[in-house]
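Chemist: Please read through the structure below; I'll follow up with questions.
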Amino acid sequence: MLDVVVALLAISIVKSTPIVLGALSGTVSERSGIVNIAIEGMMLGAAFAGFAVAVQTGSLGLGFVSAMLAGALLALLHAVLTVRYAVDQIITGTAINILAVGLTGFFNRQLFATGAPAGAMVLPRLHVPVLGDVPVLGPILFQHQPLTFLAIVLVIVLQWALFRTRWGLRTRAVGEHPLAADTVGIHVSRLRIGNVILGGILAGLGGAYFTLESVPHFEPLMTNGRGFIALAAMIFGKWTPLGAWGAALLFGFTEALPVTLQIQGFAVPYQLVSMLPYVLTIVVVAGLVGRAHAPAAVGVPYLKGQRASG
Amino acid sequence: MERPSLAQTLLVQALAALTGLAAGAILIWLTGGDPILAYGGLWEGSLGRPASISETLVWSTPYILAGLAVGLAFRGGLFNIGAEGQLSVGALTAAWVGFSVQGVPWPAHLLLALAAGALAGAALAGLAGWLKARTGAHEVITTIMLNYIALLGTGYLLSGLLKDPSPFVVVAQTPKVLESARIPALFSDLRVHWGLLLALLLAVGCWWLLFRSTLGFAIRTVGLNPSAARYAGISIAGTVVLTMALSGTLAGLAGAIEVLGVNYYHTPGFSVGYGFDSIAVALLGKSHPLGVIPAALLFGALRAGATRMQFVSQIPIDVISVVQGIILLLVAADDLVRRFYRIGGRPAAVSAERAAEGTVARTWGRAD
């Protein structure tokens, strides 16, 4: 029984990896005032770019870098259109999601019509010395692949950075009251563009999870809504990295549960158990979180020298 | 600030569509394909023949309804990402009433099935609205979650309780709906059906509701300025629930009409994509009920033609999504289009008022 629980918790942490990375992506972007509903598209684009480059070059490292680059490029598009041209942030986000589906599907069929070449692989599982040998906690926390560890490190780093550094203070100021931030000399546009691109890189890491860590191949639409669940985790976590992590772990757990039950041979209808994460989210969001408070200026374009009303 | 004229807006939209298609052609050409052959297929499959036009209209019908659904919610300051799920419960419920209710004559049975589908969609979206009004749960989260719940739930019922018991049917799908619950075709031997007219009628109905009725005024006021709405004595909670329920009604009808007018049965995966495309359709139509119609026709034509394009040129169907994404971007970033094609009539710089006018993104962080 104990080993089942250990496996369940370990899988939960693995499954939470893309969700927490996506939620961090949303957090750094939205804290500076830019809505990012394109996390799903950025992850999908990164998953494909990472896979395609890793397969063509035989280098997981290059694949990894390409995944981050793909996320950053889509984020750059989002940033330039929303910050420089004040285009509606939800619209650009939606368009990027559609674009990512189209581009990845298109190139996937053009490049790998006859199936991807053999030799693709995933990042190795790391076994943290000493800590990995601790019973129970070792297998749950300290025997994972690199991205899973990296996600946890990033949660801590970003939590600190957002609330304890100058960049964090500026980010929050720009997200809450850009005019006031501008008045004290903060470059609102530059900071927002930078944060959105950082968000793109984080989403790119989340995308890399799918093809470089989870499975060594790409399927169209393989992110399967994780980007949107990440968005939910971000809101659930009240726009803080630690909160988002907690939420992502909960999602990871509910994703791991049906898998574990199936392995254990329980005869429960798969579809009904798979509903669990989603039902639980609604219960938690409605019952426990209540009214979430987004950064005050989120979604509102800021144009220097003009006062946007409302 | 002067508003651009309707003609100019339409010109910009048309240029955006053409630019999107041109970008798709460049993508095809860069990857070694033949854009002329591909777009020839696209044309042939979407508008080139009467049967193709019929297919375009068949595709457009659910797009109109689901686009209206998302657009109506946008007007009320709500982002209904759940059209996908509402569509699937609408389709399943309509199919269930369509095949299980016996002995009711034609128009009555059809109306019953349509109403059931509409009601199912309304219930699912209304639940999200109620949760928001009651507890403040963000509708973006709840509608996405309800999407998965709806898709898994319909999948469960389709492979069990509501599965066609015939030994010849191995896949998960419902039995065919009875003749008495089917939407008749508009012309013999073309698939386009009376559901299209119903969708167009509902678009006009939505326009009337939003811009000519008291309820519509309440919906728009809550969407634009909740504090003003509260001051005017409008019940925000009630309006939010009602807006979501109406939005879900339209999405549910989209699913019901697809089942009762085209396929005559429901199967998992049939609706996948409609829900998300409908967000783009609503945005493309600027969340205006009458603007949704041309947007839906464009998306319908692209989807209908894509299959033929892939068949004649081997260019992957996905290029259509690229084209759609670019068109959506350009319609939103219309200043870019104006600048690129040097269309005057508007100052080059974006004004703050216009930026603040953006009705969609600013509802995101609203806590009321």
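The values are calculated or read from the model by the stated rules, or taken from the named source; none is laboratory data. What you see is a predicted model, and the numbers here were worked out from it, not measured in a lab. All Cβ positions, glycine included, derive from the backbone under ideal geometry; neighbour counts span all protein chains shown.
Chemist: Going residue by residue through the range A:53-71, is there one that turns out to be surrounded by 24 or more Cβ atoms within 10 Å (Cβ to Cβ), in contact with a Ser or Thr (Cβ under 6 Å, 6 or more places away or on another chain) and not β-branched (Val, Ile, Thr)? Break it down stepwise before answering.
Modeler: Of all residues in the range A:53-71, those surrounded by 24 or more Cβ atoms within 10 Å (Cβ to Cβ) come to A:54, A:63, A:66-67, A:70-71.
Next cut, in contact with a Ser or Thr (Cβ under 6 Å, 6 or more places away or on another chain) only: none.
The answer is no, given that none of the residues of the range A:53-71 is surrounded by 24 or more Cβ atoms within 10 Å (Cβ to Cβ), in contact with a Ser or Thr (Cβ under 6 Å, 6 or more places away or on another chain) and not β-branched (Val, Ile, Thr).
Chemist: For the structure I just gave you, tell me whether B:Leu302 is buried (at least 21 other Cβ atoms within 10 Å of the Cβ), within 21 Å of B:Ile26 (Cβ to Cβ) and either under 13 Å from the mean Cα position of the chain (by Cα) or at pLDDT 90 or above (or both).
Modeler: On the way: buried (at least 21 other Cβ atoms within 10 Å of the Cβ): yes; within 21 Å of B:Ile26 (Cβ to Cβ): yes; either under 13 Å from the mean Cα position of the chain (by Cα) or at pLDDT 90 or above (or both): yes.
Yes: the conditions hold for B:Leu302.
Chemist: On to the next question. Of all residues in the range B:282-301, which are assigned to a helix (DSSP H, G or I) and under 16 Å from B:Leu209 (Cβ atoms)? Walk me through it before giving the result.
Modeler: We begin by selecting, within the range B:282-301, every residue assigned to a helix (DSSP H, G or I); these are B:282-284, B:289-301.
Within the range B:282-301, B:Ala282, B:Pro289, B:Leu290, B:Gly291, B:Val292, B:Ile293 meet the criteria.
Chemist: Moving on. Taking the range A:4-46 only, how many residues are hydroxyl-bearing (Ser, Thr, Tyr), over 22 Å from A:Ala67 (Cα atoms) and crowded, with 24+ Cβ neighbours inside 10 Å?
Modeler: Here the count works out to 1.
Chemist: Before we move on, is A:Leu99 facing another protein chain (nearest Cβ under 8 Å) and under 26 Å from B:Val337 (Cβ atoms)? Spell out how you get there, then give the answer.
Modeler: Numbers: facing another protein chain (nearest Cβ under 8 Å): yes; under 26 Å from B:Val337 (Cβ atoms): yes.
Judged against the criteria, A:Leu99 is a match.
Chemist: In contact with a Phe, Trp or Tyr (Cβ under 6 Å, 6 or more places away or on another chain) and either among the hydroxyl-bearing types (Ser, Thr, Tyr) or touching a residue at least 40 places away in the same chain (Cβ under 8 Å) (or both): which single residue out of A:Val196, A:Val188 fits that description? Steps first, answer last, please.
Modeler: On the way: A:Val196 fails: in contact with a Phe, Trp or Tyr (Cβ under 6 Å, 6 or more places away or on another chain).
Going through A:Val196, A:Val188 in turn, just one is in contact with a Phe, Trp or Tyr (Cβ under 6 Å, 6 or more places away or on another chain) and either among the hydroxyl-bearing types (Ser, Thr, Tyr) or touching a residue at least 40 places away in the same chain (Cβ under 8 Å) (or both): A:Val188.
Chemist: Let me ask you something else. Any residue that is in a strand (DSSP E or B), surrounded by fewer than 22 Cβ atoms within 10 Å (Cβ to Cβ) and either away from chain A (no Cβ under 14 Å) or of a type in the set (Phe, Trp, Tyr) (or both) - is there at least one of those in the range B:181-188? Reasoning before the result, please.
Modeler: Narrowing the range B:181-188 to residues in a strand (DSSP E or B): B:185.
Still in the running and surrounded by fewer than 22 Cβ atoms within 10 Å (Cβ to Cβ): B:185.
From the residues that got through so far, the ones that are either away from chain A (no Cβ under 14 Å) or of a type in the set (Phe, Trp, Tyr) (or both) too are B:185.
Yes, there is a match, as at least one residue in the range B:181-188 is in a strand (DSSP E or B), surrounded by fewer than 22 Cβ atoms within 10 Å (Cβ to Cβ) and either away from chain A (no Cβ under 14 Å) or of a type in the set (Phe, Trp, Tyr) (or both).
Chemist: Would you please list the contacts, defined by Cβ atoms under 8 Å and residues six or more apart or on different chains, that run from a residue in the range B:299-321 that is within 11 Å of chain A (Cβ to nearest Cβ) to a residue that is in a helix (DSSP H, G or I) and of a type in the set (Lys, Arg)?
Modeler: Sorted first by the residue in the range B:299-321, then by its partner, the pairs are B:Pro316/A:Arg109; B:Asp318/A:Arg109; B:Ile320/B:Arg303.
Chemist: Output the residues belonging to the range B:119-170 that are among the acidic types (Asp, Glu) and over 19 Å from B:Ala91 (Cβ atoms). It would help to see each step written out before you state the result.
Modeler: Step one: filter the range B:119-170 for residues among the acidic types (Asp, Glu), giving B:139, B:164.
Listed by number, the list holds a single entry, B:Glu139.
Chemist: Determine which single condition B:Gly20 fails, assuming it passes every other condition in (1) at pLDDT below 95; (2) crowded, with 24+ Cβ neighbours inside 10 Å; (3) not polar (S, T, N, Q).
Modeler: Looking at each condition in turn, B:Gly20 falls short on (2).
Results for (1) at pLDDT below 80; (2) surrounded by fewer than 19 Cβ atoms within 10 Å (Cβ to Cβ), shown as yes or no for each residue.
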{"site": "A:Thr254", "(1), (2)": "no, no"}
{"site": "A:Met275", "(1), (2)": "no, no"}
{"site": "A:Thr281", "(1), (2)": "yes, no"}
{"site": "A:His293", "(1), (2)": "yes, yes"}
{"site": "A:Tyr302", "(1), (2)": "no, no"}
{"site": "A:Gly310", "(1), (2)": "yes, yes"}
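Chemist: Ok, one more. Does the range A:266-278 contain any residue that is away from chain B (no Cβ under 13 Å) and either part of a loop (DSSP other than H, G, I, E, B) or free of Cβ contacts under 8 Å to residues at least 60 places away in the same chain (or both)? Before you say what the answer is, go through the steps one by one.
Modeler: So in the range A:266-278, the residues away from chain B (no Cβ under 13 Å) come out as A:266-267.
Now drop any that are not either part of a loop (DSSP other than H, G, I, E, B) or free of Cβ contacts under 8 Å to residues at least 60 places away in the same chain (or both), which leaves A:266-267.
Yes, the range A:266-278 contains at least one residue that is away from chain B (no Cβ under 13 Å) and either part of a loop (DSSP other than H, G, I, E, B) or free of Cβ contacts under 8 Å to residues at least 60 places away in the same chain (or both).
Chemist: Just to confirm my filter: which helices (runs of 4 or more DSSP H) fall fully inside the range A:148-222 and include at least 3 residues that are modelled with pLDDT of 95 or more?
Modeler: On the way: elements: A:166-176, A:178-183, A:188-208.
In the range A:148-222, the matching helices (runs of 4 or more DSSP H) lie at A:166-176, A:188-208.
Chemist: Continuing with the same structure: When the residues of the range B:133-150 are filtered to those that are more than 9 Å from every other protein chain (Cβ to nearest Cβ) and surrounded by 23 or more Cβ atoms within 10 Å (Cβ to Cβ), which remaining residue is nearest to A:Ile235 (Cα to Cα)? Before the answer, list the steps.
Modeler: Going residue by residue through the range B:133-150, those that are more than 9 Å from every other protein chain (Cβ to nearest Cβ) are B:133, B:139, B:143, B:150.
Of the ones still in play, those that are also surrounded by 23 or more Cβ atoms within 10 Å (Cβ to Cβ) are B:139, B:143, B:150.
Numbers: B:Glu139: 11, B:Thr143: 14, B:Ala150: 22 Å.
Out of the qualifying residues, it is B:Glu139.
Chemist: Among the residues in the range B:229-250, are any at positive phi and surrounded by fewer than 21 Cβ atoms within 10 Å (Cβ to Cβ)? Step through it out loud before you land on a result.
Modeler: Here is the first cut: in the range B:229-250, the ones at positive phi are B:233.
Among the residues that remain, those that are also surrounded by fewer than 21 Cβ atoms within 10 Å (Cβ to Cβ) are: B:233.
Yes, the range B:229-250 has at least one match.
Chemist: Consider A:Leu221 against the criteria (1) under 19 Å from A:Gly71 (Cβ atoms); (2) out of contact with any Ser or Thr (no Cβ under 8 Å at 6 or more places or on another chain); (3) away from chain B (no Cβ under 13 Å); (4) aliphatic (A, V, I, L, M): it satisfies all of them except one. Which criterion is unmet?
Modeler: The one condition A:Leu221 does not meet is (3).
Chemist: (1) of a type in the set (S, T, N, Q); (2) modelled with pLDDT under 85; (3) crowded, with 21+ Cβ neighbours inside 10 Å: which one isn't true of B:Gln324, the others all being true?
Modeler: Just one mismatch for B:Gln324, condition (2).
Chemist: Looking only at the range A:292-309, decide whether some residue is away from every other protein chain (no Cβ under 11 Å), within 23 Å of A:Glu176 (Cα to Cα) and either out of contact with any Asp or Glu (no Cβ under 8 Å at 6 or more places or on another chain) or touching a residue at least 12 places away in the same chain (Cβ under 8 Å) (or both).
Modeler: No, every residue in the range A:292-309 fails to be away from every other protein chain (no Cβ under 11 Å), within 23 Å of A:Glu176 (Cα to Cα) and either out of contact with any Asp or Glu (no Cβ under 8 Å at 6 or more places or on another chain) or touching a residue at least 12 places away in the same chain (Cβ under 8 Å) (or both).
Chemist: When you scan the range A:32-55, how many residues do you find that are within 11 Å of chain B (Cβ to nearest Cβ) and assigned to a helix (DSSP H, G or I)? Before you say what the answer is, go through the steps one by one.
Modeler: If we filter the range A:32-55 for residues that are within 11 Å of chain B (Cβ to nearest Cβ), which is where we start, we get A:33-38, A:40-41.
With assigned to a helix (DSSP H, G or I) added as a condition, the list becomes A:40-41.
Looking only at that region, the number is 2.
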